[in-house]
Amino acid sequence: MLTIAHLSDTHLGQVHHGDGGRRARRRTEQVMAYLDALPGPLDAVLVTGDLADHGRPEEYREVAEALKSRHPVLICPGNHDSRAPYREVLLGEAPEEGPVNRLHRLPGADVLMLDSSIPGQHDGLLDEPTLDWLDAQLAEGRTELPALVAFHHPPVELHLPYVDPIRQFGEDRLARVLHRHPRVAALLCGHSHTGAATTFAGLPLLVAPGVVSTVTLPCEGGSDIAFDHPPMLAFHVLDGDRRLTTHYRALPTGD
Ligand SMILES: [Fe+2]
Ligand SMILES: [Fe+2]
């Protein structure tokens, strides 16, 4: 059995009411401190993109500090991220612009983190090299183990007028790859700043809530983005039957 904490959309560098970014930093550190203080076993912390708000190198230096953890931290970029400084500062690699795709092997499961960002745009797409990489990774290596596939943009509408127009498009191509690999147990994403659960390609699709803000449904009224909701995260438990169970947690705001 594996337990993975999943948070998303820390948006470090986001200025809120002229606070110089302190609110985003405080919320991110609060979530990470909560996870560091857990008394029981936690296998990884997954952060599904929009780590920085403007994709600036100095924001990634803040991300590197704020996401320090005693657990393995697995990341993928979002539409607010910028591939070159993300690579250079967070991964210690040359600052090139290709998609940032990564595999992390946990005991008992592979986690594949895909880059669904399109440089300069807010909507998302898994490009052909990324889908080819996913297909190859799922076909090679530890094929007897389940796999979790993570990316920033949800490939379906979540009935949120603010984010549905900037979801991941071209999703039929992803579905075709997933249908070839029954070892995929679930899909994990962010971007929508709401804790949500749905399906895609016959698989569970779990959306992590936003650390920095919450996107609300039309029935909730008000503006599309709420800053008075608490920082939230998800825990995903993957059991021996390859069933993923998700628990959502809200932390005290302190705002
Ligand atoms: Fe975001
Ligand atoms: Fe996003």
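Only the coordinates and a few stated rules stand behind these numbers; no lab work does. Only a predicted model underlies this, so the values are computations on that prediction, with no experimental measurement involved. Positions of Cβ are backbone-derived with ideal geometry, glycine not excepted, and every protein chain shown enters the neighbour counts.
Summary of values
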{"item": "Yes/no for Gly49 being small (Gly, Ala, Ser) and within 16 Å of ligand 1 (Cβ to nearest atom)", "result": "yes"}
{"item": "Residue selected from the range 172-210 under the condition of a type in the set (Lys, Arg) and part of a helix (DSSP H, G or I), by the criterion farthest from His80 (Cα to Cα)", "result": "Arg176"}
{"item": "Members of the range 1-30 that are outside any loop (DSSP other than H, G, I, E, B) and more than 27 Å from Arg242 (Cα to Cα)", "result": "Leu12, Arg22, Arg23, Ala24, Arg25, Arg26, Arg27, Thr28, Glu29, Gln30"}
{"item": "The range 138-165: number of residues that are buried (at least 18 other Cβ atoms within 10 Å of the Cβ) and over 12 Å from Ala201 (Cβ atoms)", "result": "12"}
{"item": "Per-region count, the range 115-146, residues over 16 Å from Ile4 (Cβ atoms) and either outside any helix (DSSP H, G or I) or among the charged types (D, E, K, R) (or both)", "result": "21"}
{"item": "Members of the range 88-122 that are within 26 Å of Arg26 (Cα to Cα), away from ligand 2 (no atom under 16 Å from the Cβ) and crowded, with 20+ Cβ neighbours inside 10 Å", "result": "Val89, Leu90"}
{"item": "Odd one out for Val89, checked against (1) within 15 Å of ligand 1 (Cβ to nearest atom); (2) of a type in the set (Val, Ile, Thr); (3) more than 18 Å from the chain's Cα centre (by Cα)", "result": "(1)"}
{"item": "Single condition Met32 does not satisfy, out of (1) over 13 Å from the mean Cα position of the chain (by Cα); (2) surrounded by 23 or more Cβ atoms within 10 Å (Cβ to Cβ); (3) within 24 Å of Leu126 (Cβ to Cβ); (4) away from ligand 2 (no atom under 16 Å from the Cβ)", "result": "(3)"}
{"item": "Candidate set from the range 178-225 (those that are more than 16 Å from ligand 1 (Cβ to nearest atom) and polar (S, T, N, Q)); member that is surrounded by the most Cβ atoms within 10 Å (Cβ to Cβ)", "result": "Thr198"}
{"item": "Any hit, the range 64-71, residues being surrounded by fewer than 21 Cβ atoms within 10 Å (Cβ to Cβ), more than 30 Å from Asp241 (Cβ to Cβ) and of a type outside the set (A, V, I, L, M, F, W, C)", "result": "yes"}
